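Reviewing the structure listed below.
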Amino acid sequence: QVQLVESGGGLVQPGGSLRLSCAASTSRFSLYAMGWYRRAPGEQRQLVATITTSGSTNYADSVKGRFSISRDNAKKTVYLQMTSLKAEDTAVYYCNIFGTGYWGQGTQVTVSS
């Protein structure tokens, strides 16, 4: 059973930054593409960013130029660096082994003054 544990969420003012982390329990982490998703209140889950095993990245249009996904295979961790945060980025953020049913528990990000 693979476990994913997100951390790094919190309350931040508009224009601020946060870095989310997702630590995986599997020794096969380097073999998986990873994704970050978010779900805002009353909305469906949205794919935010993905990173392949070779490090290629892809982003939702709404976060391009502001968010950056990266990974450290030695630490079995994927990151989401978020800058220039906006109120509409407020959501619970989840990491996922891309294309699988493995999800973390989520971490709340609230952007508010």
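The values are calculated or read from the model by the stated rules, or taken from the named source; none is laboratory data. In this text, all values refer to a predicted model and were calculated from it rather than measured experimentally. Counting neighbours? That spans all protein chains shown, and the Cβs are built from the backbone with ideal geometry, glycine included. SASA here: full protein model, heavy atoms, side chains in, ligands and nucleic acids out. Shrake-Rupley method; radii C 1.70, N 1.55, O 1.52, S 1.80 Å.
What does the C-alpha gyration tensor say about the overall shape of segment 8-47? Classify as rounded when a/c is under 1.5, otherwise prolate if a/b is larger than b/c, or oblate. Since a/c reaches 1.5 but b/c is at least a/b, the shape of segment 8-47 is classed as oblate. Calculate, for Arg39 and Ala74, the FRET efficiency according to 1/(1 + (r/R0)^6) with r their C-beta to C-beta distance and R0 30 Å; round to the nearest 0.05. Once rounded, the FRET efficiency stands at 0.50.
Starting from 0.36 nm per residue, how many nanometres of slack lie between Gln108 and Gln3 once their C-alpha separation is accounted for? Can you show the working numbers first?
Numbers: separation 105, 0.36 × 105 = 37.80 nm, distance 1.83 nm.
In short, 36.0 nm is gained.
Full extension of the chain segment joining Ser56 with Lys86 gains 8.3 nm, where the gain is 0.36 nm per residue of separation less the Cα-Cα distance.
Take every DSSP beta bridge whose two residues both sit in the chain, then give the antiparallel share in percent to the nearest 5.
Values: 34 of 37 bridges.
DSSP beta bridges in the chain are roughly 90 percent antiparallel.
Quick one: with all protein chains in place, what share of the accessible area of segment 48-107 is carbon or sulfur, to the nearest percent (1.4 Å probe)? Kindly include the intermediate steps, with their values, before the conclusion.
Numbers: 1320 of 2790 Å².
Of the solvent-accessible surface of segment 48-107, carbon and sulfur hold 47 percent.
Relative contact order of the chain, taken over Cα pairs closer than 8 Å and 6 or more residues apart, is 37 percent.
Using bins of 10 Å that start at zero, the share of Cα-Cα pairs per bin across the chain amounts to 15, 51, 28, 5, 0, in whole %.
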